Structure formats: structure tokens, C-alpha cells
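Below is one structure; the comments refer to it alone.
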Amino acid sequence: MRILAISTWFPFPPDNGSKARAYNLLSRLGRNHALDLIALSQSSRDADYLGEVRRFCRRVEVFPEPRFRPEDVRSWLGFFSPVPRYFREHRCLQVEALSRRWAEEESYDVVLAVTLGAAPYAANLNVPFKVLDQHNVESQVIKRQWRDERSFLHRLRYAPTWAKAERFERSIARKFDAIAVVSEPELCLMEHLLGNGHGKRICVIPNGVDSLFLEYAAPPKEHGVLIFTGALTYRPNYDAAARLCRRILPAVQSRFHDARVRITGSSDGVDTGSLRNTPGVELTGYVEDVRPVVASASALVVPLRYGGGTRLKILEAMALGTPVVSTPVGAEGLQVQDGIHILIGERETELAEQASRILADPGLAARIARNARELVRERYRWDAIAAEFERVLARDWEGEIGRCTEER
């Protein structure tokens, strides 16, 4: 196949969930097919990794992601636009022009939009088969933020934002011949969003883990270390990290005085003073290789209240043999069972109790870690997942990869 991929993320290094998914799917497609890539770049450091991406792409063009400028009058006028801010403010005219030109010059079999943000660039190209790889059902992420807000003014602000995002997501997704989502719950959400007659174009292509995680020789565990991974620049991550530091850690420390929290991930432009000043909290900043930090921790704690997709941080910890404690939202979409592969808690007190169980019972920790690692090995390996995705692009799936089993 000749494939044009348009991505809102430069896929290397695969150091966050969206980049890891893009890299692992695209790199495997590029082994067997003629793959051209147009991507947005979030960092000047991305230029250092062009060689890595050219290993699996025939052609690569990268453009800096336009930055949101809240002081610009167009940002205020954009309130009245039907296009959500996350696309309007990051729209790149060079990507639009180049994608049209390449589609005219090359007889592509498939155009692949990597994330909803890339969908408007791909939706109207003259390419016979259009695929959207939907990392999150974005409008539902905003809906959860609206639902969880306690402030009346914030709820008032999120209501029109959610409505606009839902209309936009519905209209743009309907232009694609196939839509890949990461879990069965998200498949159900997309079916509901798109309406009757559109369900057969949606399939489940889950997130996965590279064999480098499963084969990693883990160092000894540091007793008492609870880890949280993820960029604090992403609001759901910051909210979860704050819950962990301010509410969960003190409750664990009341039983285990050596308990501490280690947080990895970029915090550029984020005020982290209140987290850094919490006793027992360490912020490492961006870590190039999270494997040794996660593998040596006693547990990964994921107190997420909202978000979308599925958490690669959980799959990676499971592959590395680190027990996971999570909210239901954090573990959503993963085929895990509470008490067998993971420990689940909703409120801070429940999460603290589950983390304390891991620290108090090495046998329980070992059993959870062993079961979780086996689950990853059986169901969440990128090689098998990418092969299913390749079937979707080749139109060899007939709507049979994943289906919504929700009772209606």
C-alpha cells in the first residue's frame, strides 16, 4: 500500500502516550508499505530525531506546531467559531498545502489521520480510503471535565466548549471510511456520537507495549516509592499528581513513614511549587527512559479523575513488573480485573488503602505484578496490534475488529 500519514505528533522519541502509539503503529506500517509522513513538531529537539523517523518513512516533512496566543484578538473572536480552539489555534497552513500537493502528485491508497487534530487535514483529500486513528474521544474528555467541575462558573464555561467539540468531532469523523479507537468503551462512545448507520466503520485497535519493556531486566524495588508518570502540562495528569501528593501520600505515610512519591514528566510552564514543597515528593522532570524509574518503584499510582483513551503508563508498569493502583477512570478500557491484575480505588482514602496493601504485603504485590505482566504478554503487544491495524488499512476487516457489547 501507499500510505500518507498526517500526525499532530512527531512520533519520536515515543515519550508520551500519543507519540508512543503513533511511533509503534507507523514504524511497523513502514516496514511493509510505502509510508509518507507529514507531522507537527512540539519541540525544537525533534529535529535531532529525523533520522529515526526516516528509517520507516519514504518521505518526512515536519512543521512547528503553531502556538496558542490567548492575548490575540482572534482567540476571543474564536469563541463564536464552530471549530474548537484545540484545532483552530494550532491549524498549520503548511500542513494543509503540502498534504493537498502530495495527494495530487501521488496515487495514495490510504490517508491516515493520527489523532482527531489531524483529521481536518485528511478528511477532504482525494484519496480512496480515509482512516482516523482516534486516540481519545475528545468531546467526552471535555464532557468529563464539565461533569467533575465543582465551580458553577467553570461548569458554565465548559458546557458550550463540550457542545462545540461534540458537533465538530461528529461532523469530521463521519468523513472517514474507518475509525480506530483504543478500547471497547470508546467504541461505544463513538457509535453513540456518530449515530445509527456508522457503527460498522469503527474498530478497536488497543494501545500496547513494546518488547523492550517486557524484556527489561528490572532492578530491585525501592520500598515505599510510589510513582506517577506523565507530563504535568496535561491537565488531567496534573490533577492526578496533586491528588496523589496532597491527599493520598499523607495517608500512606501515616502507616509507612518511608513512603514517598516520585513524579516523572515534563512540567515546562507549570507552577509545581506546591507539589515540590510537599514532604516526600520528588519531581524528576522529563526522563528519557522511564523503565528503570518505573521498574524500581513499589507501585504506580494513577489517581485520574478524567481523561480519554487508555493509559500506556499502566501497560508499561504492568510489563515492567510494577503493581498498579488506579481509579476506575485510569484503568478504563483495559481488560484488567481488580485484585488480579490491578488494585482499584475511587476515592483518595481507597487509593491510599490499596497502595498501603501493596507496601504491606510483598506476596500480594508479586502476584498482582506477575498476573499483569502475563496479561500484557498475551493481549497488549504492539506487533500483534499493528498487524490488526494493517488489516484495517488494507480494508480486510469487514467491520469485525472490535464491536460494542453495551446493552442498549
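Inclusion of Leu232 among residues that are in contact with a Ser or Thr (Cβ under 7 Å, 6 or more places away or on another chain), part of a loop (DSSP other than H, G, I, E, B) and either small (Gly, Ala, Ser) or in contact (Cβ under 8 Å) with a residue 12 or more places away in the chain (or both) is warranted. Scan the range 262-277 and give yes if some residue there is in contact with an Asp or Glu (Cβ under 8 Å, 6 or more places away or on another chain), assigned to a strand (DSSP E or B) and more than 15 Å from Glu348 (Cβ to Cβ), otherwise no. Checking the range 262-277: at least one residue is in contact with an Asp or Glu (Cβ under 8 Å, 6 or more places away or on another chain), assigned to a strand (DSSP E or B) and more than 15 Å from Glu348 (Cβ to Cβ). The single condition among (1) under 21 Å from the mean Cα position of the chain (by Cα); (2) without any contact (Cβ under 8 Å) to a residue 12 or more places away in the chain that Arg276 does not meet is (1).
Residues that are at pLDDT 90 or above, closer than 23 Å to Ile179 by Cα and in contact with a strand residue (DSSP E or B) (Cβ under 7 Å, 6 or more places away or on another chain) within the range 194-224 comprise Ile202, Cys203, Val204, Ile205, Gly208, Val209, listed in sequence order.
None of Phe63, Phe12 is outside any helix (DSSP H, G or I), closer than 26 Å to Val290 by Cα and modelled with pLDDT of 90 or more except Phe12. Restricting the range 28-45 to residues that are part of a helix (DSSP H, G or I) and surrounded by fewer than 21 Cβ atoms within 10 Å (Cβ to Cβ) leaves a set whose member that is nearest to the chain's Cα centre (by Cα) is Arg28.
Against the list (1) surrounded by 22 or more Cβ atoms within 10 Å (Cβ to Cβ); (2) not in a helix (DSSP H, G or I), the condition Glu288 fails is (1).
Residue by residue through the range 244-259, note down the ones that are over 21 Å from Leu315 (Cβ atoms) and buried (at least 20 other Cβ atoms within 10 Å of the Cβ).
Within the range 244-259, the first condition is being over 21 Å from Leu315 (Cβ atoms), and the residues that meet it are 245-259.
Once the filter is applied, which keeps residues that are over 21 Å from Leu315 (Cβ atoms) and buried (at least 20 other Cβ atoms within 10 Å of the Cβ), the range 244-259 yields Cys245, Ile248, Leu249, Val252, Ala259.
List, please: which pairs have Cβ atoms under 7 Å, are six or more places apart or on different chains, and start with a residue in the range 210-227 that is within 12 Å of Arg291 (Cα to Cα) and end with one that is of a type in the set (Asp, Glu) and not in a loop (DSSP other than H, G, I, E, B)? Qualifying pairs under 7 Å: Phe213/Glu316.
All conditions but one from (1) acidic (Asp, Glu); (2) under 25 Å from the mean Cα position of the chain (by Cα); (3) outside any loop (DSSP other than H, G, I, E, B) apply to Glu346; the one that does not is (3). So is Gly197 of a type outside the set (A, V, I, L, M, F, W, C) and at positive phi or not? Here the answer is yes, as Gly197 does meet what is asked.
Flag: Ile263 matches the condition of being within 16 Å of Val290 (Cβ to Cβ) and either outside the structural domain of Leu359 (by TED's automatic domain parsing) or β-branched (Val, Ile, Thr) (or both). So, in the range 164-186, how many residues would count as being part of a helix (DSSP H, G or I), closer than 25 Å to Pro82 by Cα and not charged (D, E, K, R)? Within the range 164-186, residues that are part of a helix (DSSP H, G or I), closer than 25 Å to Pro82 by Cα and not charged (D, E, K, R) number 5.
Here's the yes/no breakdown for (1) within 22 Å of Val181 (Cβ to Cβ); (2) within 27 Å of the chain's Cα centre (by Cα); (3) at pLDDT 95 or above:
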| residue | (1), (2), (3) |
| --- | --- |
| Arg91 | no, yes, no |
| Gln94 | no, yes, no |
| Ser107 | no, no, no |
| Val111 | yes, yes, yes |
| Gly117 | yes, yes, no |
| Phe129 | yes, yes, yes |
| Leu132 | yes, yes, yes |
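Quick one: is Leu351 modelled with pLDDT of 95 or more, closer than 17 Å to Gly224 by Cα and surrounded by fewer than 24 Cβ atoms within 10 Å (Cβ to Cβ)? So Leu351 does not fit the description; no. Among the residues of the range 313-333, just one is within 21 Å of Tyr216 (Cβ to Cβ) and surrounded by fewer than 24 Cβ atoms within 10 Å (Cβ to Cβ), namely Gly321.
Scanning the range 91-141 for residues that are without any contact (Cβ under 8 Å) to a residue 24 or more places away in the chain and either crowded, with 17+ Cβ neighbours inside 10 Å or within 20 Å of His192 (Cα to Cα) (or both) turns up nothing.
What residue, of Arg305, Arg311, is closer than 16 Å to Asp15 by Cβ and in contact with a helix residue (DSSP H, G or I) (Cβ under 7 Å, 6 or more places away or on another chain)? Walk me through it before giving the result.
Working: Arg305 fails: closer than 16 Å to Asp15 by Cβ.
On inspection, the qualifying residue turns out to be Arg311.
For the range 155-177: of the residues being crowded, with 22+ Cβ neighbours inside 10 Å and of a type in the set (A, V, I, L, M), which is modelled with the highest pLDDT? Restricting to residues being crowded, with 22+ Cβ neighbours inside 10 Å and of a type in the set (A, V, I, L, M), the top hit is Ala173.
When you look at Tyr238, is it crowded, with 19+ Cβ neighbours inside 10 Å, of a type in the set (Phe, Trp, Tyr) and under 17 Å from the mean Cα position of the chain (by Cα), yes or no? It is true that Tyr238 is crowded, with 19+ Cβ neighbours inside 10 Å, of a type in the set (Phe, Trp, Tyr) and under 17 Å from the mean Cα position of the chain (by Cα).
The values are calculated or read from the model by the stated rules, or taken from the named source; none is laboratory data. Bear in mind the structure is a predicted one, so any value in this text is a computation, not a measurement. Backbone-built Cβ (ideal geometry, glycine too); neighbour counts: all protein chains shown.
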